[in-house]
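The values are calculated or read from the model by the stated rules, or taken from the named source; none is laboratory data. This structure is a prediction, so every number in the text was calculated from the model and none was measured. No Cβ is skipped: glycine too gets one built from the backbone with ideal geometry, and neighbour counts run over all protein chains shown. In case anyone asks, the SASA skips ligands and DNA or RNA and just uses the protein heavy atoms, side chains included. Shrake-Rupley method; radii C 1.70, N 1.55, O 1.52, S 1.80 Å.
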Amino acid sequence: MKISREKILAFMKEGARGPLSIKELFRILAVPKDRREALKRLIKDMAAEGVLVKTRGRRYGLPSRMNLVTGELACHPGGFGFVMPEEGGTDVYINPRRLGGAMHGDRVIARVEAFKRDGKREGRIIRIVKRAHATVVGRFQRKEGFSSVIPSDERVLDSIIIPPGQGGKARDGMIVETEITRWPAKNVAPVGRVIDVLGDPEDPDVEIEVIARKYGLPRAFPAGVRKEVKGVLMEVSEKETVKRVDLRGKPTFTIDGETARDFDDAVSIERRARKGYRLRVSIADVSYYVKEGSLLDTEAYARGTSVYFPDRAIPMLPEPLSTGICSLNPGVDRLAMTAELDFDSQGRLTGKRFYESVIKSAERLTYTEVKRILVDGDSALKKRYARIVDKLKLMEELARKLMKRREEEGSIDFDLPEPQIIIDIEGRIEDIVRSERNIAHRIIEEFMLAANRAVAGVFSSRGYPVLYRVHEEPAEESIREFREFVTGLGYPIRGKAEPRALQRVLARVRGKPEERLVNHVLLRSMKQALYSHENTGHFGLAFKDYTHFTSPIRRYPDLVVHRLLKKLMHKRYTKEEKKRSLEALPAVASHSSARERNAMGAEREIVDLKKAQFMKERVNEVFEGFISGVTSFGFFVELKEYFVEGLVHVTTLTDDYY
């Protein structure tokens, strides 16, 4: 009988009283002699990964049973860090003196050594399981015969010493990539050698490359993945279509942004009896092409998500899939997973079913076009899309009812203006404009929310494990501060600060000068949504059940949900599968959340960089703005016109004592 890592973990959790030696495992698990070497290798591999911990007595046990935590280290520029547990739970604070040479992003094992009154944990790093940075990008400095590299990400290291002869062709001030040849340790500085000179820090292409490397974003796909892609059939076979529900005769179309190249979702709608609706949300069936355990799957998991910069994207899947056979392009057959949702005349969900389908998108519409049809009554566009104008009107009708129902349930809807960075052909920033959120955006948002919610409900009602998208309640302190803030503006919150009460505040400030500020402050009071195998609900949406199902081309968790939904649909979600999912999903959730945070950090940094470059040309110009935050060292101002935020330091305020 083959003993898997899942069985070992299950035994350690349920059957083992304490850490065990390999010989004890042989005896207790009754491992035959011809399987012992394989089990020994597996145990050592699990210890190397931090899944098990080897004690000084050469015994192996679970980290959680030894007051140990395995997870990713997130460092702060101030020198301290936090270990984010892979199995969930509160982070572990690490004092700068207890980092043990670990760097930002490393996978580590920490020992919990103290508990604070508020439940927060403190500890020290006892083992570095996997280094996150074999190389570091930064600015090369040469001073009096002494060279060093100052990392672009100040959370990683203060500096790296470059010995004589190891600087390559780097000149002072150039951006370089450095390989670490000696890791930091107690009282020991890191040492490295320059392996690549990226160029001038002012070059737009260099800027993008710096951020991509700083956040460890892979650009090219490995040779094995590219080879695997070549084996994928780039057209839908008739053999596959006959197994599926054929929706090619239904008027189905996509609605996306002007620059979108990958189309995850397509929608269709029909009027039902008694003024009801039948909505079909068809999502690209990526799981058909990306098989679990394949090289494609491994690479997609490692990336976790696509990353979007103002002028380019780093996709999760190779382009022949992401913009080709998986993308719901118009006029071609495509395989999909369809959520068919029935609503009554009030927008209440009355029925749902899910199935594998084949579709043919009739049109590739943009948000702007749909808005011009529905709001502006553009006669030329209405004529061009005559066969689906009635469908668009029906979609608007249903979407408004869904919006109303969500509002009644207490769903918080932030309506903050988003900046859109306009880039010229040379990669320089040309303008920052307000990105419009019109009725077309709202239609697609509502339909995707409905589909995600319906899928999550199927799993939770039947008790089957899945990856949920969860959003915890804000911290008490954050809500208390927000309550005091809005009360001072004349918008007191009476009773518990639940979603419905917060939503009422946003409704009261709508259209008023303080609207943007109140939205900003409330958003900053919220915790970040993340992925979890435990269904703790979504506070912001006021949903009991929620998942991500609608974007498998660009989000790995959605791909996982598709696979689990197929098992449920085909009655393959056995007890064994449930057990396997329960063991595997926590790590997938933790990894996916980390990759999402990493991508968001990269996207935010490039936008901030572009904003800084744009404002650099406008020094001494005067703009209108509002104070978006106050600290002990000054206050932050956001400009109304350009959505750029900057600090007014207290030392620059010379007209009074502050």
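Structural remarks
- Scanning the stretch 129-148 for residues being open to solvent by 50 Å² or more (accessible area, probe 1.4 Å), in a strand (DSSP E or B) and under 19 Å from G100 (Cβ atoms) gives a total of 1.
- Among (1) crowded, with 20+ Cβ neighbours inside 10 Å; (2) touching a Phe, Trp or Tyr at 6+ places or on another chain (Cβ under 7 Å) - the single one A542 does not satisfy: (2)
- Counted residues, the stretch 1-27 - those being touching a helix residue (DSSP H, G or I) at 6+ places or on another chain (Cβ under 6 Å) and exposed (fewer than 15 other Cβ atoms within 10 Å of the Cβ): 1
- Of the residues R182, R97, R117, R121, the single one that is charged (D, E, K, R) and touching a residue at least 24 places away in the same chain (Cβ under 8 Å) is R121.
- G57 vs. criteria on the phi < 0 side of the Ramachandran plot, in contact (Cβ under 8 Å) with a residue 24 or more places away in the chain, open to solvent by less than 70 Å² (accessible area, probe 1.4 Å) and out of contact with any strand residue (DSSP E or B) (no Cβ under 9 Å at 6 or more places or on another chain): yes
- Sole residue being under 27 Å from L398 (Cβ atoms) and out of contact with any Phe, Trp or Tyr (no Cβ under 9 Å at 6 or more places or on another chain), chosen from A223, A273, A313: A273
- Residues in the stretch 459-480 that are more than 21 Å from S411 (Cα to Cα) and part of a helix (DSSP H, G or I) were compared, and the one that is modelled with the lowest pLDDT is E477.
- Test: residue in the stretch 67-80 that is assigned to a helix (DSSP H, G or I), of a type outside the set (V, I, T) and either free of Cβ contacts under 8 Å to residues at least 40 places away in the same chain or loosely packed, with under 13 Cβ neighbours inside 10 Å (or both): no
- Hey, G324 under 26 Å from the mean Cα position of the chain (by Cα), of a type in the set (G, A, S) and in a helix (DSSP H, G or I) or not: yes
- Listed by first and then second residue, the pairs linking a residue in the stretch 639-658 that is at positive phi to a residue that is open to solvent by less than 80 Å² (accessible area, probe 1.4 Å), with Cβ atoms under 6 Å apart and 6 or more places separating them unless they lie on different chains, are F643/P419.
- Pairs, first aromatic (F, W, Y) in the stretch 555-579, second at pLDDT 90 or above and assigned to a helix (DSSP H, G or I), C-beta under 6 Å, six or more apart: Y556/A300; Y556/Y301; Y556/S592; Y573/K567
- Criterion violated by F626 - all others in (1) at pLDDT 90 or above; (2) in a strand (DSSP E or B); (3) of a type in the set (A, V, I, L, M, F, W, C) satisfied: (1)
- Filter result for R462 (open to solvent by 40 Å² or more (accessible area, probe 1.4 Å), touching a residue at least 40 places away in the same chain (Cβ under 8 Å), within 27 Å of H548 (Cβ to Cβ) and in contact with a helix residue (DSSP H, G or I) (Cβ under 8 Å, 6 or more places away or on another chain)): yes
- So L559, is it open to solvent by 40 Å² or more (accessible area, probe 1.4 Å), closer than 17 Å to N452 by Cα and out of contact with any Phe, Trp or Tyr (no Cβ under 7 Å at 6 or more places or on another chain): no
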